[in-house]
């Protein structure tokens with residue numbers, strides 16, 4: 001159903017969100033809505049304090065596929081298929097629920113293997129639906145009068161041999177939920193107040209949130225959105241300098257956009273780019289906003305990652321598609337996209353483009369510094385008094401300059417490709433930088449040859465090798481981190497550090 005296994009958890013939390021809001025509307029729940037995701041050795045349990053399902057409706061509601069009584073404008077989920085999202089990853093899918101005022105706890109157990117096999121044409125699965133449900137789903141009830149005031153809904157994915165690591169890793173689950181579900185901003189983040197007030201002013205109601213907790217390894221941690229005051233980029237850290245707000249016509253959307261102290265792409269996959277949300281639940285990742293930036297100019301897609309922020313779409317204006325990675329292509333959604341391109345993406349892309357042009361002023365300085373480095377390398381090569389530490393410093397300087405040259409080239413490459421013609425000043429700067437970068441490589445080769453003078457100093461040579469190995473590994477990891485998702489990055493990092 002979903003390409004990303006953790007979307008399964010988003011679906012269950014989304015359903016919990018709807019159940020909690022339903023309980024609050026009828027005053028069965030007067031406090032905060034809570035969802036707890038408990039990760040065990042061979043099961044995942046998602047439990048909420050929402051309204052639950054009454055005993056006489058449990059079978060009909062929980063076995064209906066593609067049928068839902070939810071209101072698409074009022075509820076986050078409305079298609080009636082998300083509740084089965086966990087079937088692909090567990091042996092048993094178990095629902096337990098209780099409704100306010102009833103002493104009954106209803107329990108439905110889905111035999112996932114039997115269901116999936118019967119629905120697979122390649123396995124010869126052509127079974128009448130009623131017979132299939134009777135054979136694959138078992139329902140039991142228990143009575144407890146003391147629990148008549150309880151109301152909850154609980155989902156258990158039991159038997160996780162088919163589940164990938166990203167679905168069972170507590171850190172991966174926390175990171176994903178912080179990015180996607182309707183939780184609060186971190187209470188310590190001072191800018192949250194202005195954002196929440198801006199949302200209220202635009203839509204006339206408070207930003208809807210629930211409390212989500214992840215329980216694993218004996219620890220309970222509350223999940224918050226991952227925004228803060230500092231963000232990583234490829235070569236270091238930059239600060240959140242300011243926030244700009246955008247309002248759509250007829251209150252069809254409202255957005256906040258965080259601007260950085262440096263012109264560089266944010267590398268944290270949980271926060272980079274502008275995230276589209278409906279009812280405070282993320283729709284897709286950054287793909288929607290990146291696509292809108294390319295509508296300004298094809299080469300501007302990357303500029304969306306120079307910012308952090310959220311675009312809240314009025315749920316009365318759009319319909320999320322079944323995979324929740326976009327919206328149904330209605331005329332209203334097309335109009336909203338057009339307005340976002342004009343009023344949000346175009347000015348932000350232009351601002352990032354201008355900042356990248358200013359960065360080109362550093363190109364000449366980089367080239368001059370490389371020239372000085374070449375002179376130092378030649379001087380050390382000709383001297384009979386060169387020291388071990390001088391050679392190490394030469395290699396470190398060469399590495400730093402190589403990275404500065406790469407960053408400067410990236411700035412030039414970020415410019416509109418249509419402007420970088422043969423003979424254009426930007427093209428000339430690019431050629432100049434590439435030639436200078438080759439000089440850096442020559443200096444690094446020269447420095448490695450100079451190390452030969454110190455072969456008899458075994459201890460220093462061993463230390464040098466270890467230091468170089470660590471520096472090269474970190475440089476490789478920095479590059480990888482900028483281009484892959486967090487889960488893949490962690491796997492690669494573990495593998496590389498194991499094989500050192």
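The values are calculated or read from the model by the stated rules, or taken from the named source; none is laboratory data. What you see is a predicted model; the values in this text were computed from it and never measured. When we count neighbours, we look across all protein chains shown, and the Cβ atoms used for this are built from the backbone with ideal geometry, even at glycine.
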Legend entry - Failed condition for residue 176, given (1) buried (at least 17 other Cβ atoms within 10 Å of the Cβ); (2) out of contact with any strand residue (DSSP E or B) (no Cβ under 7 Å at 6 or more places or on another chain); (3) part of a loop (DSSP other than H, G, I, E, B): (3)
Legend entry - Which numbered condition residue 347 fails, given (1) in contact (Cβ under 8 Å) with a residue 40 or more places away in the chain; (2) within 26 Å of residue 192 (Cα to Cα): (1)
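Could you list, in sequence order, all residues of segment 198-242 that are farther than 22 Å from residue 37 by Cα, in contact with a helix residue (DSSP H, G or I) (Cβ under 7 Å, 6 or more places away or on another chain) and in contact (Cβ under 8 Å) with a residue 24 or more places away in the chain?
202, 203, 207, 234, 235
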Inset, instruction - Those residues that are over 17 Å from residue 355 (Cβ atoms) and out of contact with any helix residue (DSSP H, G or I) (no Cβ under 8 Å at 6 or more places or on another chain), I need them from segment 243-267; list them, please. - result: 250
Legend entry - Residue under evaluation residue 287, criteria (1) surrounded by fewer than 16 Cβ atoms within 10 Å (Cβ to Cβ); (2) in contact with a strand residue (DSSP E or B) (Cβ under 8 Å, 6 or more places away or on another chain), criterion not met: (2)
Inset, instruction - Answer yes or no: is there a residue in segment 179-193 that is crowded, with 19+ Cβ neighbours inside 10 Å, part of a helix (DSSP H, G or I) and modelled with pLDDT of 90 or more. - result: yes
Inset, instruction - Could you grab me the full set of residues in segment 20-39 that are surrounded by 15 or more Cβ atoms within 10 Å (Cβ to Cβ) and outside any strand (DSSP E or B)? - result: 20, 21, 22, 23, 24, 28, 29, 33
